[in-house]
1. Quick check on my filter: what residues within region 96-124 are aliphatic (A, V, I, L, M), part of a helix (DSSP H, G or I) and open to solvent by 80 Å² or more (accessible area, probe 1.4 Å)?
2. Residue by residue through region 180-229, note down the ones that are part of a strand (DSSP E or B) and within 11 Å of the ligand (Cβ to nearest atom).
3. Quickly run through region 147-165 and pick out the residues that are farther than 16 Å from L192 by Cα and crowded, with 17+ Cβ neighbours inside 10 Å.
4. Scan region 134-162 residue by residue and report those that are in a helix (DSSP H, G or I) and over 23 Å from T239 (Cα atoms).
5. I'd like to know if region 130-139 contains one or more residues that are surrounded by fewer than 24 Cβ atoms within 10 Å (Cβ to Cβ) and of a type in the set (S, T, Y).
6. Examine region 23-39 for a residue that is more than 19 Å from T189 (Cα to Cα), touching a Phe, Trp or Tyr at 6+ places or on another chain (Cβ under 8 Å) and open to solvent by less than 20 Å² (accessible area, probe 1.4 Å), and state whether such a residue exists.
7. If I filter region 180-195 down to residues being among the polar types (S, T, N, Q) and open to solvent by 10 Å² or more (accessible area, probe 1.4 Å), which single residue comes out as nearest to S92 (Cα to Cα)?
8. Taking the stated definitions as given, is E268 charged (D, E, K, R), at pLDDT below 95 and surrounded by 11 or more Cβ atoms within 10 Å (Cβ to Cβ)?
Amino acid sequence: MVNELDGKVAIVTGGASGIGRGIAERFVAEGSRVVIADVATDMGEQLAATLGGAAFFQRTDVSDPEQVGALIAATVEKFGGLHVMVNNAAVSSPLRRLLDDDLSDFHRIMGVNVLGVMAGTRDAARHMAESGGGSIINLTSIGGIQAGGGVMIYRASKAAVIQFTKSAAIELARYDIRVNAIAPGSIPTPILGKSAAGMDPDELAEFEARIRQGMRDDRPLKREGTTDDVAQAALYFATERSRYVTGTVLPVDGGTSAGKVVRPRKREG
Ligand SMILES: NC(=O)c1ccc[n+]([C@@H]2O[C@H](COP(=O)([O-])OP(=O)(O)OC[C@H]3O[C@@H](n4cnc5c(N)ncnc54)[C@H](O)[C@@H]3O)[C@@H](O)[C@H]2O)c1
């Protein structure tokens with residue numbers, strides 16, 4: 001089978017862990033060269049070493065637009081171009097009731113989850129506009145589509161990513177740059193434990209077990225999602241197969257956001 005990303009260059013922010021790592025691995029397997037951009041230096045360097053000459057790590061804090069600009073420049077210098085930008089890096093908010101929340105995490109979370117995506121989109125697009133186009137893929141969440149309690153700042157940040165993605169898609173279409181978003185449902189990665197900051201180990205174990213049980217029970221496709229399930233959606237947006245698709249939000253959630261699972265009653269008689 002032909003590698004779908006032969007000759008392409010991609011950046012994956014937050015590529016050292018979880019879903020970003022899954023996307024980086026899938027893209028390299030499909031022939032792409034990939035820049036892993038993350039604040040987790042050890043994990044990022046280790047992953048790049050595992051992936052060999054097709055990957056390199058650049059320490060980047062996406063909440064700092066200067067570092068994002070430097071990331072694009074380093075990528076173009078090292079690999080000669082940029083075709084696919086995956087704005088995946090994000091942080092979660094701690095699980096707190098709104099009335100108990102001092103909102104002190106607001107700027108940190110918005111800085112990574114919203115400013116990081118906006119700067120990544122803008123700076124990748126500045127290059128792509130001059131070089132014949134490209135594909136930009138922003139990670140949102142079903143938490144940005146469906147309302148719910150708990151991680152309010154995170155939800156608000158992910159809703160902002162959706163509106164930004166659609167607006168950027170409209171502006172950038174004239175340069176043949178497509179901008180789409182992927183909205184994963186809960187996927188077991190380190191981010192889930194981070195929402196539980198402050199819990200004691202027993203509470204954390206119970207919290208994670210409950211979330212993972214929910215992943216199997218409350219969605220029409222009754223299994224936990226994997227990072228590669230999300231990477232396959234990113235691969236679609238990265239390739240020419242999605243050439244007429246822009247401004248969309250694709251849930252990768254086993255059907256969770258389609259609606260409640262209804263268990264039909266047994267027919268009588
Ligand atoms: N796992 C889920 O259940 C889930 C659900 C919906 C959406 N998402 C989204 O998927 C994406 C990936 O999440 P994940 O589950 O793999 O989380 P994760 O915590 O495993 O990975 C996030 C990565 O981003 C990096 N990062 C954090 N702050 C950064 C910064 N300022 N600059 C650069 N890198 C930074 C982290 O070091 C980490 O490697 C996120 O956008 C997240 O919101 C995840």
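The values are calculated or read from the model by the stated rules, or taken from the named source; none is laboratory data. What you see is a predicted model; the values in this text were computed from it and never measured. Cβ atoms come from the backbone with ideal geometry, glycine included; neighbour counts cover every protein chain shown. These area figures cover heavy atoms from the full protein model, side chains too; ligands, DNA and RNA do not enter into them. Shrake-Rupley method; radii C 1.70, N 1.55, O 1.52, S 1.80 Å.
1. Answer for region 96-124, where residues must be aliphatic (A, V, I, L, M), part of a helix (DSSP H, G or I) and open to solvent by 80 Å² or more (accessible area, probe 1.4 Å): L98, L99, M118.
2. Residues satisfying the conditions are A181, I182, A183, P184.
3. A156, S157, A159, A160, V161, I162, F164, T165
4. Passing the criteria: I142, G143, G144, M152, I153, Y154, R155, A156, S157, K158, A159, A160.
5. Yes, because at least one residue in region 130-139 is surrounded by fewer than 24 Cβ atoms within 10 Å (Cβ to Cβ) and of a type in the set (S, T, Y).
6. Checked region 23-39: at least one residue is more than 19 Å from T189 (Cα to Cα), touching a Phe, Trp or Tyr at 6+ places or on another chain (Cβ under 8 Å) and open to solvent by less than 20 Å² (accessible area, probe 1.4 Å).
7. Per the criteria, the residue is S195.
8. Spelling it out, it is not the case that E268 is charged (D, E, K, R), at pLDDT below 95 and surrounded by 11 or more Cβ atoms within 10 Å (Cβ to Cβ).
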